[in-house]
Amino acid sequence: MNGALKILLDIFRQPSVIVALISFIGLALQRKPATDILKGTIRTFVGFLVLAAGAGVVSNALTPFGDMFQHAFHVQGVVPNNEAIVGTVLVKYGSIAALIFFFGMMINVLLSATSYFKYVYLSGHVAFYMATMITVIFVAAGFPTWQTLLFGSIAQGLVVTLSPAIVQPFMKKVTGTDDVALGHTGGSGIALGGLVATVTRSKKHPSKSTEEINVPKNFSFLRDTTVIIALSMAVIYVIVAIFAGGPYIESKLSDGQNFIVYSVMQAATFSAGVFIILAGVRVVLGEIVPAFKGISEHLVKDAKPALDVPVTFTFAPNAVLIGFLSSFVGGIVGMIILAFAGTTVIIPGVVAHFMTGGATGVIGNGAGGRRGAILGSFVNGLAITFLPLFLLPVLGEVGTGSATYSDADFGVAGIFLGYLNKAGGQVAIIAGLAIAVVLLYVASYFLTKRAQTAAVGADQAVSPVEG
């Protein structure tokens with residue numbers, strides 16, 4: 001029995017498998033021919049692996065950049081890195097976290113089926129990271145194992161259902177449809193960036209899109225996303241490498257390779273990773289959105305797949321780079337503020353700033369053009385600097401390490417649950433979750449009524465006048 005459970009958990013911890021299964025179910029529910037089901041399932045599975053491979057290439061190219069940055073500017077502190085802290089948590093609480101992840105998925109489907117918020121969260125890897133953080137907080141609060149599983153799963157289901165919902169109004173502007181949602185633990189920071197972009201846009205002098213950047217004819221090759229990312233990152237890498245110093249890079253990072261050559265190669269590798277991500281996104285979207293029609297029709301009416309942040313990258317590639325750089329600047333500004341304040345210093349996590357900053361750039365551009373992309377991403381950078389600081393005290397022993405969770409949803413959910421515990425213990429956490437579920441359904445009721453009223457009004461407007 002334990003062996004079978006372990007195999008099941010291993011399967012459901014693979015996001016590519018989850019997405020492929022969703023595609024299989026959706027196509028089967030539409031009674032597609034067996035050959036179409038097989039083709040769609042395999043293409044979705046392989047497409048997601050391509051996407052994940054690209055993300056791995058990007059992450060590996062950014063890791064030495066973070067090391068160079070810390071060495072160049074002599075910054076020490078806590079690094080927001082999900083993989084690092086999740087590895088630590090899994091050693092102690094891996095089984096509980098896996099079960100919360102699994103049952104949290106079930107609750108996500110249940111909430112989607114019974115409420116206005118019809119988002120099925122398919123970014124399994126970050127959902128699993130969220131489950132590890134929730135596990136840590138409930139264990140630190142002293143819950144017994146069965147209660148940790150029960151209430152932790154409810155918390156997990158709430159987070160992965162609501163996170164796509166708050167971003168969706170901005171996603172609709174970017175994509176032009178309501179068919180796909182954003183499922184990532186940076187959702188609240190990305191939504192905040194979209195709100196900032198909306199508030200700061202000017203109706204009299206609207207900011208142009210990042211994709212309309214005028215490039216002289218002689219530099220038309222810069223319109224190629226791969227080229228502009230490679231060149232921009234090469235400049236950034238080389239500048240940081242010069243400050244870090246050749247001896248350090250060649251002895252610690254490049255295995256003797258010239259530090260300038262090494263930096264340029266890492267920048268090109270970064271660009272290659274982005275190219276791979278975009279290719280994978282196109283394949284996944286091409287298969288998962290049509291397959292989701294079957295889910296929508298039979299299991300969750302009007303269900304929307306909530307996919308990882310790279311799903312936004314194809315809609316405004318220039319905004320991805322602008323958003324990353326602006327978010328990273330926000331992280332540096334936040335780090336300087338914390339250093340002067342004398343608190344724990346949160347060092348900018350380059351991967352987090354690229355993923356969530358890039359997505360915020362796309363969302364901000366859709367809401368407020370170039371200005372929105374820059375300002376929205378800058379605010380996201382501040383958010384993922386200060387939220388991890390306030391999260392540290394509620395993580396128990398895990399919060400004393402040199403790494404912490406990076407994205408905004410970790411901060412929002414963790415601070416909510418953790419400080420409820422500090423204020424009123426286990427009873428406060430349970431009460432907070434109960435209130436959150438009630439509020440979800442109250443909001444669902446009013447939003448459904450509003451949507452129905454709008455639909456009736458639209459029908460009356462287009463109906464011919466009788467008599």
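The values are calculated or read from the model by the stated rules, or taken from the named source; none is laboratory data. Just so it is clear, the structure is predicted and the values come from calculations on it, not from any experiment. Neighbour counts are summed over all protein chains in view; Cβ atoms, including those assigned to glycine, are modelled from backbone coordinates with ideal geometry. Accessible surface areas use protein heavy atoms only, side chains included; no ligands, DNA or RNA. Shrake-Rupley method; radii C 1.70, N 1.55, O 1.52, S 1.80 Å.
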* Asked: In square angstrom, what is the accessible area per residue of segment 73-130 with a 1.4 angstrom probe?
  -> 40
* Asked: Can you give the Rg and Dmax of segment 7-64 based on its C-alpha atoms, in angstrom?
  -> 14.2, 49
* Structure fact -> Among L99, F170, F48, the residue whose Cα sits farthest towards the positive end of the charge dipole of segment 42-180, when +1 is placed on the Cβ of each Lys and Arg and -1 on the Cβ of each Asp and Glu, is F170
* To do: Would you calculate the separation in nanometres between label points at I42 and T453, each defined as 7 Å from the Cα along the Cα-to-beta-carbon direction?
  => 5.2
* Structure fact -> Long-range amide H partners of A403, meaning residues 5 or more apart or on another chain whose placed amide H is closer than 5 Å, are V79
* Structure fact -> With all protein chains in place and a 1.4 Å probe, K422 shows an accessible area in Å² (nearest 10) of 120
* **Heavy-atom accessible area order for D409, D255, D178, largest first, 1.4 Å probe** => D255, D178, D409
* Structure fact -> Note to self: with every protein chain in place and a 1.4 Å probe, segment 363-460 gives an accessible area per residue in Å² of 45
* To do: Can you give me the span-like helices of the chain, meaning DSSP H runs with 27 Å or more of Cα extent along the axis and Kyte-Doolittle mean at or above -0.5?
  => 34-73, 82-114, 145-175, 225-244, 259-298, 317-341, 350-391, 408-462
* Asked: Tell me, what is the percent relative contact order of the chain, built from C-alpha pairs under 8 Å that lie six or more residues apart?
  -> 25
* Structure fact -> Once V261 and I7 are pulled to full extension, the length gained, defined as 0.36 nm per residue separation minus their Cα-Cα distance, is 87.0 nm
* When the solvent-accessible surface of protein heavy atoms is calculated with a 1.4 angstrom probe, in what order do L391, L299, L192 fall, highest first? -> L299, L192, L391
* To do: Obtain the nm distance between the two label points defined at K208 and A34 by a simple spin-label model: each point lies 7 Å from its Cα along the Cα-to-C-beta direction.
  => 5.7
* Would you mind checking K301/K449; K32/K172; K92/K118; K203/K304; K172/K422 for any pair whose Cα atoms are more than 27 angstrom apart? => K32/K172; K92/K118; K203/K304; K172/K422
* On the accessible surface of segment 257-402, probed at 1.4 Å, how many percent belong to carbon and sulfur atoms? -> 69
* To do: Could you let me know the centre-to-centre spacing of segment 66-122 and segment 422-454, using Cα atoms, in angstrom?
  => 23
* How big is segment 74-217 in terms of Cα radius of gyration and Dmax, in angstroms? -> 19.0, 67
* Asked: Say each of E250 and L439 gets a label point 7 Å from the Cα, pointing the same way as Cα to Cβ; how far apart are those two points in nm?
  -> 5.8
* Structure fact -> Subtracting the Cα-Cα distance of A113 and V238 from 0.36 nm times their residue separation yields 39.9 nm
* Structure fact -> Taking only Cα atoms of the chain, the Rg to Rh ratio with Kirkwood Rh works out at 0.98
